[in-house]
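Below is one structure, written out as structure tokens; the observations come after it.
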Amino acid sequence: MLGQHKGNVKDTRIIGIDPSLRKTGICSIIDNKIETTLIEDGKHRGVTRLSILRRAFLKIINESKPDLAVMEGYSIGSINRPFDIGEWSGIIKVELFDRNIDLIVVSPMELKKFVVGKGVSGKRLVIANVAKKYGIAVKDDNLADAIGLAMIGKIYITRESKYRSELEVVRNLKKCVSTILTM
């Protein structure tokens with residue numbers, strides 16, 4: 001259950017998930033090793049796409065066996081097929097739930113504040129700060145977001161960071177029970 005982790009990230013397997021229909025970014029932290037994966041499908045639509053994404057996601061989950069998942073929540077007011085992304089996010093939540101994997105849902109603004117220091121930031125700035133703060137250079141904003149989400153999970157467990165914005169975001173997540181889906 002969430003909050004029952006040992007306080008040591010080495011003992012906890014964390015996965016950050018930036019759900020997108022074309023490019024879902026995944027970042028795993030296992031034994032303090034960081035690995036990123038991009039699930040891509042720009043060719044298919046509807047249920048076919050959801051099935052392809054689900055199978056790829058399940059392969060990653062079954063291999064990494066995370067204890068904690070941190071996923072970016074919905075971008076309110078988005079015009080990019082919100083019902084489709086909602087279906088994909090729902091599939092992710094159900095698969096995590098069925099495997100008893102704790103889930104923290106983070107808003108896009110909280111993620112940007114965590115990585116950049118302010119809640120309103122462009123994709124390039126997030127990519128640049130991921131490289132600067134965590135030493136991980138990526139070109140894809142979905143991967144940068146997934147790395148930031150995994151780092152939220154790491155600091156959620158360890159409570160250790162030298163950045164005030166990171167600690168503020170984690171403290172707010174711990175206060176707001178509605179953002180946490182315990183299994």
- Conditions (1) modelled with pLDDT under 95; (2) of a type outside the set (S, T, N, Q); (3) touching a Pro at 6+ places or on another chain (Cβ under 9 Å): number failed by residue 71: (1)
- Message: I'd like to check something: does the stretch 46-58 contain any residue that is touching a strand residue (DSSP E or B) at 6+ places or on another chain (Cβ under 6 Å), modelled with pLDDT under 95, of a type outside the set (S, T, N, Q) and under 17 Å from residue 140 (Cβ atoms)?
- Response: no
- Message: I'm told residue 158 meets every condition in (1) out of contact with any strand residue (DSSP E or B) (no Cβ under 9 Å at 6 or more places or on another chain); (2) modelled with pLDDT of 95 or more except one. Can you identify the failing condition by its number?
- Response: (2)
- Query: Does residue 155 count as in a helix (DSSP H, G or I) and in contact with a Lys or Arg (Cβ under 8 Å, 6 or more places away or on another chain)?
  - Reply: no
- Exactly one of 171, 159, 124 is exposed (fewer than 15 other Cβ atoms within 10 Å of the Cβ), in contact (Cβ under 8 Å) with a residue 24 or more places away in the chain and out of contact with any His (no Cβ under 9 Å at 6 or more places or on another chain), and that one is 159
- Pairs, please: C-beta under 7 Å, at least 6 apart or cross-chain, first residue of a type in the set (Asp, Glu) and in the stretch 37-64, second modelled with pLDDT of 95 or more? 41/52; 41/53
- In the stretch 95-108, is there at least one residue being out of contact with any Ser or Thr (no Cβ under 6 Å at 6 or more places or on another chain), without any contact (Cβ under 8 Å) to a residue 24 or more places away in the chain and among the aliphatic types (A, V, I, L, M)? no
- Message: Among the numbered criteria (1) more than 19 Å from residue 138 (Cα to Cα); (2) modelled with pLDDT under 95, which one does residue 22 miss?
- Response: (1)
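The values are calculated or read from the model by the stated rules, or taken from the named source; none is laboratory data. Keep in mind that this is a model prediction, so the values were computed, not measured. A quick note on method: Cβ atoms are made from the backbone with ideal geometry, for glycine too, and the neighbour counts reach across all protein chains shown.
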